[in-house]
Structures are given as structure tokens and as C-alpha cells.
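> Take this structure first; my questions come after.
The values are calculated or read from the model by the stated rules, or taken from the named source; none is laboratory data. A quick note: this is a predicted structure, and the numbers were derived from the prediction, not measured. Heads up, the Cβs are rebuilt from the backbone with ideal geometry, glycines too, and the neighbour counts pull from every protein chain shown.
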């Protein structure tokens, strides 16, 4: 879908287990009347909607018609329309927006659905749990001039000079230099202190910039956390015999037509043109991994073949400040595809569950596996699906876990295990997924030579444990409230002098810490000791090393832990060993 530069009705569709909201305060003077009480929708679809200036009754009618098709495919009957200004930077006037929302509500109701609407013009607190199937989150945009369908074979045309000039004219209302020179205010004002966006900004982990909407700018401390997570899962996978590959971000769209993803993902892909051919940024790794598999001949002796890929992925979904790290346009997964013979499926899924249990135990995350079965739109026969579902059930039960069944929520190519994890605040998040695929190996004509000397088709297990690293880090930020365990804390220790006369000793201690691979820094500002300690506490640094006359003379250090206890006069080498033990014992 080629989006032109026109106003659009923007809708983010979420198929949810539940959404609960509560009006908190009026945001505008002409807000609708509403009671300050909790309202809950269960097992339905939430439509987050932003109305733009040119939207009207015709647009709302078109939107209702297309949304009804999605609702029918999902088998959903209950709908909540939720006004959500964060989806757009060009909003209609309140009177226009409210009228379009009412028309959308009436149009969807006329099509036979049970519809309710959250009050317009209010700040609302909400909690939502989205279902785990691949069509549970869909972004849509509607408008009289907003979209042009592109056929599978039609190249994307270059914008005309008139269109280009119009865009440039619009951009000139705020010059490039003026935009870059603006001081960015906090985007997260008004959010609760426990929110990952607030904590992440305070700890200087990441930021979002309007010139790259829905994409994370990793700061040095946040990138440290991401790299540590990747290093950890890499080391675990190497011990389990995984290979790691990297494939191009860009591929001819033929690749996704062959895989079958085209019909399901083309509206959320980024495209470009090379000559007469259309290319897309990859929204998933599996088709590229299959091309790697086809570069050589494999034998049954090579199986299971475990192949990991940590390349960035790109999905053009509605996202941004409102979602923070939980919905972004570019992200990294701890992705892997495992090629197995049919008689190896159960044992290999057990191995994946063991790896998942190992990783989640590190973070003290409780989890619940849920098995999703054949959706209405699927590849393959019912018999193939029944065999695959039975294998998943057997693997989960072998671990002493009774799985929860989620009917018709599997991927289009096979059933899957979705894993919900529970954080320190009791909330559940879908992270890991283990998908069993009998279909795409056939579409790509993947083979291996069996013990009988004949060619056979492998089964593929698609799996992630963290899932999106961006989303997982957002979960960890809220799970730990920024007080990360020592092994993953971006700064493990801060060196603080009692006064300026001990700066040289601070630099000496800092040098020793860094040489021993302790992630440390020093606060050498001229502010008071109390102010420096408070700053370190706000930054959630596990250890503060305080150095004064006594420590300098004895060549020792005094440490203050984040939780408040103080240990005086210990040897630096003993502290370094303590940090190393903290890391070793936690991991």
C-alpha cells in the first residue's frame, strides 16, 4: 500500500483478551460527559482511532466496511472504539473528530456488531492484554485520497515533480535547521512513575525522535543492556549447537510471495524500487533463513540444524510515543529456525522449552504456555495440523505443565506455543513463541537426504525467547523499576570523591575498575557529596564508591549499596571480586 501525503483516519486494531480503562480527567473543555469508573471489554476488538482534518462520513463508512471484514475473520463480535490522539500529529477539531467517531460507531453497529465507545476528550488510564496470534494487531489508514492499492507485479512509481514540490512546500513551514535546533521536551509527562518510558528517560537509556517516528534511539546505557542480553542468549545458544547467520535487510518481494507472508504482511512492509523490480525491508527472518538452507545439501546426520539470526526487522505499523518500546517500527529478535526430521519434533521443542526456562529464571519471570491451534485462514491440511498440535501438547505436558488451548489463533503456516510471562507487578506479557511449520519448507522445496538415501522435507521450528529485544527491555525496566541486577546494570559502580582533593585517587580507582571490566564511571562535579549520592540513587546505580582521606591513606574504598547499607575500608581487589561474583552467581 502506497501512502501519499494526505490526511487519513488512523486506526490501530487490537484483538484483546481484555481492555480495562478508567476516565481520569477532562483533557479539553468540550469533552463528553463520563463517569470516573472502570469499564472493561473482554474477548473483543479495540479500535484506537485518531481523526484528521479531512475525515468525514464517507471515510468512516469505508473504514467500517473494511474493519467489519477483519472482525469477521477474527470471529469477533464485541468492539470498543477508543479515541487515541497519539496516532496522529495532524488532528481534526474536537467537534469534527467526535462526529466522525459517532458515525464510525453507528456504521459498525449497523453491520451487526456490539459496539461501545470510550469517552472523547478525556485522559484515561488503561490496561490491555493483546492476543498472541499474528492478526491480533493491525494498523489501518483510511481517506478519500490516502491509499492506492499496489498489485503484486506493479512497480511503485516515483513521485511526480508536482507532488515533490508540494511536499517540500509543506515542509518549509518549519525549516530543517529550525526542526533540528528545537529543544525536545519530555514526551512522557503525565505518565505514572512506574512506566518504562519515564524510567528509561530518567536513566538516559533511550529516546524517541520525531524525525524517526516509532524507532528507538539507543543511548549508550540502553545499548549496553541490549548488548548484554544478546551476548547472554548467544552464549546459551552456542552451548546448544546453534549456528548464527546474518542476511540482507532488503530483498525482492518475490521472496515473501513464495513464503506466503505477502497476503498477511504487505500492508505493513517498507518498499523501495530498483529498476523495474520491487524490494522490501524484511519484516521477519524465516524466508531469508530458508535461502541460506538452500545453499548446500543436508543429510539426516545434520539435523536438528539450529540457525539463529539477530538482524534488525522492519514493520510499518502505527506506533510511537503512545506505545514506547512495546510497539516500534524497527526491532531485533533473538530469532532462530530449527530444521528437524518429523521424529525429532517433540524432543527439539522440549529443548527449546528448557532454554526458555533457563532464560526466564535468570530474570525471575513466571510464565504460562498457551497452544494456538489452526486459524480459519491457513496453509496445509487439517490432518497435518492435528499432528503438529499433538506434538506441541506432548512436549509441553512432558515438562509437567498443563497447557492452555487457544483455538484458531495459530500462525497461518502452523500451530504455536505462545508464552505469557508475569512481571513483578503481576501483569502478563506475551514474549516467547515456538511455532511448528510443515508448510513453508514445502513452498521453498527444502530437502535433506534421509537414512534411506531418499529426499525428505524437513519440519521447521520458528522460535524466539525474548521476542522483540525492545519490548523485552521495556518489560524488564518495569519489572525491576530501573533497579537492574548488577550483571545487567549499564553502570555497576560510580566513584565519588568526598571533595576535589581526592579526584586523583578517584581516577586511580576508576582505572583499576575499568581494567577489570567493571562498568564504572566517576562523578567529579563540584557539587556536594550528598547531592552526588542522591544523583547516583536516582540513576539506580548498584554501588557507590566513596573516597576520602581515610580511603586514600589506606589505599582502600568505602562502598554504599543502592539499598542503603554501607561498608567501609575494604580492599579494591575484594570489591572487584565481589562484582565478578555478583555477575557469575546471577547468570
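> State all residues of segment 72-97 that are farther than 21 Å from residue 316 by Cα, without any contact (Cβ under 8 Å) to a residue 60 or more places away in the chain and part of a helix (DSSP H, G or I); if no residue qualifies, say none.
72, 96, 97
> Can you tell me which residue within segment 8-31, out of those that are surrounded by fewer than 17 Cβ atoms within 10 Å (Cβ to Cβ) and assigned to a loop (DSSP other than H, G, I, E, B), is nearest to the chain's Cα centre (by Cα)?
Result: 27.
> Return the residue satisfying two criteria in turn: it lies in segment 190-206 and is within 19 Å of residue 489 (Cβ to Cβ) and out of contact with any strand residue (DSSP E or B) (no Cβ under 9 Å at 6 or more places or on another chain), and of such residues it is surrounded by the most Cβ atoms within 10 Å (Cβ to Cβ).
We begin by selecting, within segment 190-206, every residue within 19 Å of residue 489 (Cβ to Cβ); these are 194, 196, 198-206.
Those left that are additionally out of contact with any strand residue (DSSP E or B) (no Cβ under 9 Å at 6 or more places or on another chain): 194, 196, 198-199, 202-204.
Details: 194: 13, 196: 24, 198: 20, 199: 21, 202: 15, 203: 22, 204: 13.
Among those that are within 19 Å of residue 489 (Cβ to Cβ) and out of contact with any strand residue (DSSP E or B) (no Cβ under 9 Å at 6 or more places or on another chain), it is 196.
> Quick check: is even one residue across segment 286-294 surrounded by fewer than 18 Cβ atoms within 10 Å (Cβ to Cβ), within 20 Å of residue 333 (Cβ to Cβ) and not assigned by TED's automatic domain parsing to the domain that holds residue 69? Let's see the steps before the verdict.
Filtering segment 286-294 for residues surrounded by fewer than 18 Cβ atoms within 10 Å (Cβ to Cβ) gives 291-292, 294.
The next check asks that each one be within 20 Å of residue 333 (Cβ to Cβ); those that pass are 291-292.
Applying the additional criterion that residues be not assigned by TED's automatic domain parsing to the domain that holds residue 69 yields 291-292.
Looking for residues that are surrounded by fewer than 18 Cβ atoms within 10 Å (Cβ to Cβ), within 20 Å of residue 333 (Cβ to Cβ) and not assigned by TED's automatic domain parsing to the domain that holds residue 69, one finds at least one in segment 286-294, hence yes.
> Those residues that are surrounded by fewer than 16 Cβ atoms within 10 Å (Cβ to Cβ) and touching a residue at least 12 places away in the same chain (Cβ under 8 Å), I need them from segment 538-565; list them, please.
First, the residues of segment 538-565 that are surrounded by fewer than 16 Cβ atoms within 10 Å (Cβ to Cβ): 538, 549-550, 553-555, 561, 563-565.
Matches in segment 538-565: 538, 549, 550, 554, 555, 561.
> With 118, 34 as the choices, which residue is touching a strand residue (DSSP E or B) at 6+ places or on another chain (Cβ under 8 Å) and crowded, with 18+ Cβ neighbours inside 10 Å?
Numbers: 34 fails: crowded, with 18+ Cβ neighbours inside 10 Å.
Among 118, 34, only 118 is touching a strand residue (DSSP E or B) at 6+ places or on another chain (Cβ under 8 Å) and crowded, with 18+ Cβ neighbours inside 10 Å.
> Just to be sure before I move on: is residue 106 surrounded by fewer than 19 Cβ atoms within 10 Å (Cβ to Cβ) and modelled with pLDDT under 85 in the structure I sent? Quick ask: steps written out before the conclusion?
Numbers: surrounded by fewer than 19 Cβ atoms within 10 Å (Cβ to Cβ): yes; modelled with pLDDT under 85: no.
Considered against the rule, which asks whether it is surrounded by fewer than 19 Cβ atoms within 10 Å (Cβ to Cβ) and modelled with pLDDT under 85, residue 106 comes out as no.
> Follow-up. For residues that are in a helix (DSSP H, G or I) and either in contact with a helix residue (DSSP H, G or I) (Cβ under 7 Å, 6 or more places away or on another chain) or crowded, with 20+ Cβ neighbours inside 10 Å (or both), tally how many sit in segment 494-509. Talk me through it step by step, then tell me what you get.
Step one: of segment 494-509, the residues in a helix (DSSP H, G or I) are 500-509.
Then keep just the ones that are either in contact with a helix residue (DSSP H, G or I) (Cβ under 7 Å, 6 or more places away or on another chain) or crowded, with 20+ Cβ neighbours inside 10 Å (or both); that gives 502, 505-506, 509.
Residues that pass the stated criteria total 4.
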